[in-house]
Amino acid sequence: MNFDEYRTYDATGLAKLVADGEVSATELLTLARERAAEVNPRINAIVRDVPASPSTEQGGPFAGVPFLIKDIAQDYAGLPTSQGSRSLLALPVTEHATVVQRWIDAGLVIFGKTNLPEFGAKAISEPAAWGAARNPWNLERSPGGSSGGSAAAVAAGIVPCAGANDGGGSTRIPAACCGLVGLKPGRGLTPMGPGVGEPMHGAAVQGVVSRTVRDTAAMLDVIAGGEPSGPYGPAIPDWPFASCVGDDPGRLRIGVRVPSAINPTPHPEAYAAVEGTVRALTDLGHHVEELPQAPYDDAALAKQFLLSWFVYIAWEVDEAKRLTGADDEAFERDTLIMAALGRATSSVDYVDAVQRRHEHVRRLSTFFESYDLLLTPTLATPPPKIGEFDLPVALQRASDALIKTRTARFLRYTKIVDDMVDKNLSWVPYTQLANLTGRPAISLPLHWTADGLPLGVQFVAPLAGESLLLRLAAQLEQALPWADRVAPV
């Protein structure tokens, strides 16, 4: 097998070749590593090697398939989990994350860890620890974040799918930027342990980015389910998620919304992505209806998301300092700004932001009484340029002075907070809803811009809606195939 042949198979297809004896796991790993050696210097997707030696006796549904894991919340025993931070580059972990162990038990051959922003705190992947990951569709563009390295690696053909996770859009955003499928399962369906139970109050979940719906479904079968150290046992359907691929989703009622309070005027390509999807859905017999307003208070949700996120980052910084003895010099400026804003938040305000998530849950539940799914773009703009969100020099100097004098809490009274909100969420205002409400959502690669850049669309489902999302995604994949598109890198 050569690379051109390798690139045509998804993970499910490669696993079948190995099971049938048509190719060996060693051959596949060699091809994946050769492709990584060729393109990783340009896309900077893989940041750490993982020792891998495929076993001829390895079983499991994905036996022999090369795989990459994200360098946060996907611990590999004996290696550091950097979380994209210089503070954690040399601190090895002692045990596999539950999700990593499930991938190993499924026969996947893990040979590397992928790039991400510091603590997964941005929708771009440009950490000081590793340098910027780049989009294989255009090397001047971001692959998104925080699972940007995983998405870049899949889009570049190194592996057919890779580990991702999602606390505010971190699977769906890079999938949308790189022309991939990105499913965020519902709260609690996938394990985050054994070291933690519910990070971000359950908003964060595990998953993959992939080229095909059937890989996404089959990988969910591999990782779904509770764990002894988890907070509860999630309800698992009586059928495999993989069996949903090819099943008729029925005639669905779908509400569509493009403008948002954070970005009232999305890019024309975001509208084009949704319009093309609506045409396809209508042709497939679904009832699609434009919504006069969002079915939830998106402005309030964004503020609550950021407030709780800043507090969480403050805790992450303090925890890294506790574990390693690192000082402020080991963290990025933007991280220290977010942490300072988190520390300046009162405990009552923090609890208020978390408690008010239920208001969005109730509004969304009311919406789902009339509709089966909510459709939005995944991105409000095409993938941004590398460095586009760097702070202006004057603000960099001002914030550095405040950080050094321990007065960074006063940043909340300056323009810098508004700038961070506008820049970090205005191009991705749609994804946080599913995390804060715990609902499943999926991004599908149904649109490419006039410049040849991917821009995905998102479907949000009610509780336990993963099967429905997979049924519809497979139907759209058949109507508007995307897996044969190849990034120019």
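Which residue out of 63, 15, 73 is surrounded by 19 or more Cβ atoms within 10 Å (Cβ to Cβ), outside any loop (DSSP other than H, G, I, E, B), touching a helix residue (DSSP H, G or I) at 6+ places or on another chain (Cβ under 9 Å) and hydrophobic (A, V, I, L, M, F, W, C)? I'd like the intermediate steps shown before the answer.
Numbers: 63 fails: outside any loop (DSSP other than H, G, I, E, B); 73 fails: outside any loop (DSSP other than H, G, I, E, B).
Exactly one residue qualifies, and that residue is 15.
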Q. Looking at the range 156-265, what strands (runs of 3 or more DSSP E) fall wholly within it and have at least 2 residues that are touching a Ser or Thr at 6+ places or on another chain (Cβ under 7 Å) and closer than 23 Å to residue 361 by Cα?
A. 181-184, 205-210
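For residue 133, are the conditions met, namely being crowded, with 24+ Cβ neighbours inside 10 Å and out of contact with any helix residue (DSSP H, G or I) (no Cβ under 9 Å at 6 or more places or on another chain)? Reasoning before the result, please.
Numbers: crowded, with 24+ Cβ neighbours inside 10 Å: yes; out of contact with any helix residue (DSSP H, G or I) (no Cβ under 9 Å at 6 or more places or on another chain): no.
For residue 133, the condition - crowded, with 24+ Cβ neighbours inside 10 Å and out of contact with any helix residue (DSSP H, G or I) (no Cβ under 9 Å at 6 or more places or on another chain) - is not met.
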**Q.** Tabulated pairs, the range 318-341, first more than 17 Å from residue 121 (Cα to Cα), second at pLDDT 95 or above and of a type in the set (Ser, Thr, Tyr), C-beta under 6 angstrom, 6+ apart or interchain
**A.** 324/87; 326/87
Q: Test each condition in (1) closer than 20 Å to residue 377 by Cα; (2) surrounded by fewer than 24 Cβ atoms within 10 Å (Cβ to Cβ); (3) of a type in the set (D, E, K, R) for residue 172 and report the one that comes out false.
A: (2)
**Q.** Considering residues of the range 356-413 that are in contact with a helix residue (DSSP H, G or I) (Cβ under 8 Å, 6 or more places away or on another chain) and polar (S, T, N, Q) only, the residue nearest to residue 255 (Cα to Cα)
**A.** 376
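Regarding residue 446, is this residue crowded, with 19+ Cβ neighbours inside 10 Å, within 19 Å of the chain's Cα centre (by Cα), at pLDDT 95 or above and in a loop (DSSP other than H, G, I, E, B)? I'd like the intermediate steps shown before the answer.
Working: crowded, with 19+ Cβ neighbours inside 10 Å: yes; within 19 Å of the chain's Cα centre (by Cα): yes; at pLDDT 95 or above: yes; in a loop (DSSP other than H, G, I, E, B): yes.
The answer is yes for residue 446.
Could you tell me which of the residues 73, 45, 32 is in contact with a strand residue (DSSP E or B) (Cβ under 9 Å, 6 or more places away or on another chain) and more than 23 Å from residue 7 (Cβ to Cβ)? Before the answer, list the steps.
Numbers: 45 fails: more than 23 Å from residue 7 (Cβ to Cβ); 32 fails: more than 23 Å from residue 7 (Cβ to Cβ).
Selected residue: 73, the only one of 73, 45, 32 that is in contact with a strand residue (DSSP E or B) (Cβ under 9 Å, 6 or more places away or on another chain) and more than 23 Å from residue 7 (Cβ to Cβ).
If we keep just the residues of the range 106-126 that are in a loop (DSSP other than H, G, I, E, B) and over 16 Å from the mean Cα position of the chain (by Cα), which is nearest to residue 335 (Cα to Cα)? Give the steps one after another, and end with the answer.
Here is the first cut: in the range 106-126, the residues in a loop (DSSP other than H, G, I, E, B) are 106-108, 115-117, 121-126.
When the remaining residues are screened for being over 16 Å from the mean Cα position of the chain (by Cα), the result is 106-108.
Values: 106: 36, 107: 37, 108: 34 Å.
Here the residue is 108.
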Q. Pick from 133, 128: which is in contact with an Asp or Glu (Cβ under 6 Å, 6 or more places away or on another chain) and farther than 30 Å from residue 24 by Cα?
A. 128
Q | Tabulated pairs, the range 390-404, first under 18 Å from residue 329 (Cβ atoms) and part of a helix (DSSP H, G or I), second modelled with pLDDT of 80 or more and among the β-branched types (Val, Ile, Thr), C-beta under 9 angstrom, 6+ apart or interchain | A | 399/337; 402/337; 403/337
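Working carefully through the options 17, 89, find the one that is in contact with a strand residue (DSSP E or B) (Cβ under 9 Å, 6 or more places away or on another chain) and of a type outside the set (Val, Ile, Thr). Working first, answer last.
Values: 17 fails: in contact with a strand residue (DSSP E or B) (Cβ under 9 Å, 6 or more places away or on another chain).
Just one listed residue meets the conditions, 89.
Output yes when any residue across the range 225-239 is crowded, with 20+ Cβ neighbours inside 10 Å, closer than 30 Å to residue 73 by Cα and either touching a Pro at 6+ places or on another chain (Cβ under 9 Å) or hydrophobic (A, V, I, L, M, F, W, C) (or both), and no when none is.
First pass over the range 225-239, keeping only residues crowded, with 20+ Cβ neighbours inside 10 Å: none.
Checked the range 225-239: no residue is crowded, with 20+ Cβ neighbours inside 10 Å, closer than 30 Å to residue 73 by Cα and either touching a Pro at 6+ places or on another chain (Cβ under 9 Å) or hydrophobic (A, V, I, L, M, F, W, C) (or both).
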**Q.** Residues located in the range 449-489, provided they are aliphatic (A, V, I, L, M), within 16 Å of residue 250 (Cα to Cα) and not in a helix (DSSP H, G or I)
**A.** 461
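The values are calculated or read from the model by the stated rules, or taken from the named source; none is laboratory data. The shown structure was predicted, so the numbers you read here are calculated from the model rather than taken from an experiment. Glycine gets a Cβ as well: all are built from the backbone with ideal geometry, and neighbour counts include every protein chain shown.
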